[in-house]
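One structure is given below, encoded as structure tokens.
The values are calculated or read from the model by the stated rules, or taken from the named source; none is laboratory data. Please read all numbers here as calculations on a predicted model, not as lab measurements. Every residue, glycine among them, receives a Cβ derived from its backbone with ideal geometry; neighbour counts consider all protein chains shown. Each accessible area value is taken on the protein alone, full model and side chains, heavy atoms only, with ligands, DNA and RNA left out. Shrake-Rupley method; radii C 1.70, N 1.55, O 1.52, S 1.80 Å.
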Amino acid sequence: MVVDALQIPVQIVPIVSKGDQIQDRCLASIGGKGLFVSVFEQAIQKDQIDIAVHSGKDMPSQITDGFYVPAVLARANPADLLISKTKIWPGATIDTSSPRRAQLYTRIDPTCQIKMIRGNVETRLRKLEEGDYDGIILAQAGLERLHIDLHAYVVQVLDILPATAQGIIAIETKTGFILPKNIDDKKTHILFDTGRQLMALMHADCHDAASAHAQWIDDDTLQIQAFYQDSPIFMCQTKLDQIDACIQEMAGALYG
Ligand SMILES: NCc1[nH]cc(CCC(=O)O)c1CC(=O)O
């Protein structure tokens, strides 16, 4: 997608990050903030690559000094999906390694049992097939990008707050490097920055049961929703020039 947008000859350098090796992203127990991005930052420093392409939601809330995000792509659908073999029932066993999904799904079904399985999407779907658990929660955007065929499953769009920057692909590079073509989706970039700034103010990232999710209501109004651990979902609407005040207030209420 990024290569298409840049419209210049690009050399793709595949890099396996620690997160990929462990085959599970943002797993709280193996921790280490920015598991995904640090290896890419090292490759940029060594001039092995010019830019890194990340899933925005896997990036730490604050970017490493000396790096910046010159562009994000237009956001894909940020929804989370609940995938199961048959319609899910109260008390079902649900697979997720995301503290946010565990916290928010438990609010929908307090009798559910959360199981944290390691593995990529294929492994998880196979284990669902084999009956290791009854349901699995995954991001719609990721499933669509991987062209995973879900027609054999029951798929339900979950009414839970998505992760900060879910569905947003972000480009990272070192300060001073200018992209040969401006491919930034400005409106998505505002959502990206707003959510991440609020997460940083809450001292939270994807290892925490927390999220700050911004969306456009109209051309110059944002809606921001956020929660931290067992707090309710806080919501505010703000005009563009008041975003900062709005997230300061929300952070104060959520992370006192
Ligand atoms: N936590 C891992 C992760 N990081 C980005 C995506 C794909 C969705 C996206 O780009 O936002 C996924 C998979 C998932 O959460 O189901």
| message | Can you confirm whether T111 is part of a helix (DSSP H, G or I), at pLDDT 95 or above and out of contact with any Phe, Trp or Tyr (no Cβ under 8 Å at 6 or more places or on another chain)? | response | no
| field | Near pairs, Cβ below 7 angstrom, 6+ apart or cross-chain, from the stretch 52-67 (assigned to a loop (DSSP other than H, G, I, E, B) and at pLDDT below 95) to any residue that is open to solvent by less than 30 Å² (accessible area, probe 1.4 Å) and β-branched (V, I, T) | value | M59/V37; P60/V37; I63/V69
| said: Take the residues in the stretch 126-145 that are within 12 Å of the ligand (Cβ to nearest atom) and part of a helix (DSSP H, G or I); name whichever of them is surrounded by the most Cβ atoms within 10 Å (Cβ to Cβ). | reply: A141
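Among the residues of the stretch 146-157, which ones are more than 11 Å from the ligand (Cβ to nearest atom), within 18 Å of P78 (Cβ to Cβ) and either open to solvent by 40 Å² or more (accessible area, probe 1.4 Å) or within 15 Å of the chain's Cα centre (by Cα) (or both)?
Correct list: V155, Q156, V157.
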| task | Consider I217 carefully, then state whether it is outside any strand (DSSP E or B), within 23 Å of A76 (Cβ to Cβ), out of contact with any Lys or Arg (no Cβ under 8 Å at 6 or more places or on another chain) and open to solvent by 10 Å² or more (accessible area, probe 1.4 Å). | result | no
| Which members of the stretch 220-241 meet the condition of being farther than 27 Å from A102 by Cα and touching a residue at least 24 places away in the same chain (Cβ under 8 Å)? | L240
| Of the residues that make up the stretch 242-254, is at least one closer than 18 Å to L104 by Cβ, touching a strand residue (DSSP E or B) at 6+ places or on another chain (Cβ under 9 Å), touching a residue at least 12 places away in the same chain (Cβ under 8 Å) and in a helix (DSSP H, G or I)? | yes
| Based on what the data block shows, is D205 modelled with pLDDT under 95 and in the same structural domain as P60 (by TED's automatic domain parsing)? | yes
| message | Could you check the stretch 62-91 and list, in sequence order, the residues that are of a type in the set (S, T, N, Q) and within 16 Å of the ligand (Cβ to nearest atom)? | response | N77, S84
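Rundown of residues vs (1) open to solvent by 50 Å² or more (accessible area, probe 1.4 Å); (2) more than 17 Å from D65 (Cα to Cα); (3) modelled with pLDDT under 65; (4) β-branched (V, I, T), yes/no style:
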| position | (1), (2), (3), (4) |
| --- | --- |
| K18 | yes, yes, yes, no |
| C26 | no, yes, yes, no |
| F36 | no, no, no, no |
| A43 | no, no, no, no |
| K46 | yes, no, no, no |
| D50 | yes, no, no, no |
| task | Find the residue count for the stretch 163-212, including only residues that are open to solvent by less than 10 Å² (accessible area, probe 1.4 Å), assigned to a strand (DSSP E or B) and within 16 Å of the ligand (Cβ to nearest atom). | result | 6
| message | Step by step: first the residues of the stretch 92-108, then only those that are in a helix (DSSP H, G or I) and of a type in the set (S, T, Y), then the one that is nearest to the ligand (Cβ to nearest atom). Which residue is that? | response | Y105
| Considering only residues of the stretch 106-125 that are open to solvent by 50 Å² or more (accessible area, probe 1.4 Å) and of a type in the set (D, E, K, R), which is nearest to I83 (Cα to Cα)? | E122
